[in-house]
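The values are calculated or read from the model by the stated rules, or taken from the named source; none is laboratory data. If you're wondering where the values come from, they're calculated on a predicted model, not measured in any experiment. Every residue, glycine as well, gets a Cβ built from its backbone with ideal geometry; the counts of neighbours run over all protein chains shown. The area values use the complete protein model at the heavy-atom level, side chains included, leaving out ligands, DNA and RNA. Shrake-Rupley method; radii C 1.70, N 1.55, O 1.52, S 1.80 Å.
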Amino acid sequence: IACEMDRLMLDYYGSTIGHNGITDAVGEAPNPTSCHVASTANPAVPSQDKCGDPLVPSRLLAATWKSGGMKHLAGYQQRDSHEFLSAFLDIMSKHDRHFADITKELREEAKPSSLISKESARERSSNDTSEDIVKSLFAGNLRSVLICETCGYKRSQPEPFLNISLPITSETKTIEACLRHFTQPEDLSDITCDLCEEKHPHTKQHTFAKLPKILCLHLKRFDAATNKKISEFVSFPAQLNVGPFLPHWCEVIQGMKASEHAAEPDGDNNAQKAQSCSAAIMYDLHATINHTGTLHQGHYVANVRVDRKWYHCNDAHVFDAGEGDGEKAVLEAAVGEAYMLFYIRRDVQK
């Protein structure tokens, strides 16, 4: 799994000058000779003064096992790629913040004392609002709304996320249908209203308030309740418009129940109207993680888009995903096996 995650993220992190950013972040010291060895084996690889250490998947996996926050994932037992991703991003975020704190202290120690007092307030303000590398790429916010069906009192709060888990049902045949189901209002009973101060039925809804640069969608194929894997076919596009799932276009109106929201006149056309009227916020598919097998045993493979061409990654084997740019093969082959999808917002792509 770590090998596949490495290939997914290599295009965006790569090697930093003089050292390996990802491997250092999870606690393994770089090998000062590795880049020289790579250059000797392959003359096309730049020399040490032009590149950092190559990112070796096996070293990455060993480094994650040694990290304090990922020791529970050590070993060769069956692991969940979504669980690995969550733990990996968490430890990356912690180490990135720790590295930022260390470099800040070193900079302050190197400054003359007369400059520290003048710049401390400005630096403190900027550091308070800065984001680590994980949050700057993956972090977004949901808008959680709760409406009392008796008095109409509406309260909302942001809920941060790094990835979105989407339930699969018999009606969610596409990733857009999964997102509509995720943002659909639902009726709740016996919730204490802050205004009434009594328990009344409420309507709850999640919409996307802040969209990340990299949108990671996790299809919930493993059902612990039935002890089975959900193998329903879910198609997904190469270009995804997330605009219709913003609060302005799909948030429930005060005083309207979830059942009424779903049963509005021309309800079947609501999604199409939102799609056509909302601002287009486009994401392009850049990677997929697919799972074959059952709930208890299986195998992960990945498809990665690099320089407008798709590659299929199966353990140590990497080859063209299909004819042409490989996109058609990726979209058709994974509809029943897609487990995680990685979309990049079009306005932030290099």
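Before moving on, here are some points about what is shown:
- Residue in the stretch 230-249 that is open to solvent by less than 40 Å² (accessible area, probe 1.4 Å), in contact with a strand residue (DSSP E or B) (Cβ under 6 Å, 6 or more places away or on another chain) and within 15 Å of Leu146 (Cα to Cα) present: yes
- Matching residues, the stretch 313-330, being within 16 Å of Pro57 (Cβ to Cβ) and either acidic (Asp, Glu) or in contact with a helix residue (DSSP H, G or I) (Cβ under 8 Å, 6 or more places away or on another chain) (or both): Cys313, Asp315, Ala316, Val318
- If you filter the stretch 297-346 down to residues that are of a type in the set (Asp, Glu) and without any contact (Cβ under 8 Å) to a residue 40 or more places away in the chain, you find that the one that is most open to solvent (accessible area, probe 1.4 Å) is Glu323.
- Screening the candidates Ser189, Ser165, Ser136, Ser144 for the property of being open to solvent by 50 Å² or more (accessible area, probe 1.4 Å), hydroxyl-bearing (Ser, Thr, Tyr) and either within 30 Å of Ile289 (Cβ to Cβ) or outside any loop (DSSP other than H, G, I, E, B) (or both) yields one hit, Ser189.
- If only residues of the stretch 296-350 that are within 13 Å of Asp284 (Cβ to Cβ), assigned to a loop (DSSP other than H, G, I, E, B) and within 19 Å of the chain's Cα centre (by Cα) are counted, the one that is modelled with the lowest pLDDT is Lys350.
- Restricting the stretch 207-254 to residues that are of a type in the set (Phe, Trp, Tyr) and assigned to a strand (DSSP E or B), the residue that is nearest to the chain's Cα centre (by Cα): Phe208
- Close Cβ contacts (under 6 Å, 6 or more residues apart or on different chains) running from residues in the stretch 156-181 that are closer than 17 Å to Val242 by Cβ to residues that are among the hydroxyl-bearing types (Ser, Thr, Tyr) comprise Glu159/Ser144; Thr174/Ser235; Cys178/Thr172; His181/Thr172.
- Selection from the stretch 204-238 of residues that are over 16 Å from Leu331 (Cα atoms), touching a Leu at 6+ places or on another chain (Cβ under 7 Å) and of a type in the set (A, V, I, L, M): Ala209, Ile214
- Taking every residue in the stretch 73-91 that is within 22 Å of Phe161 (Cα to Cα) and part of a loop (DSSP other than H, G, I, E, B) and pairing it with any residue that is open to solvent by 50 Å² or more (accessible area, probe 1.4 Å) and at pLDDT 90 or above, at least 6 positions away or on another chain, the pairs with Cβ-Cβ distances below 9 Å are Asp80/Phe222.
- Within the stretch 171-186, being open to solvent by less than 80 Å² (accessible area, probe 1.4 Å) and not aromatic (Phe, Trp, Tyr) holds for Thr172, Thr174, Ile175, Glu176, Ala177, Cys178, Leu179, Thr183, Gln184, Pro185.
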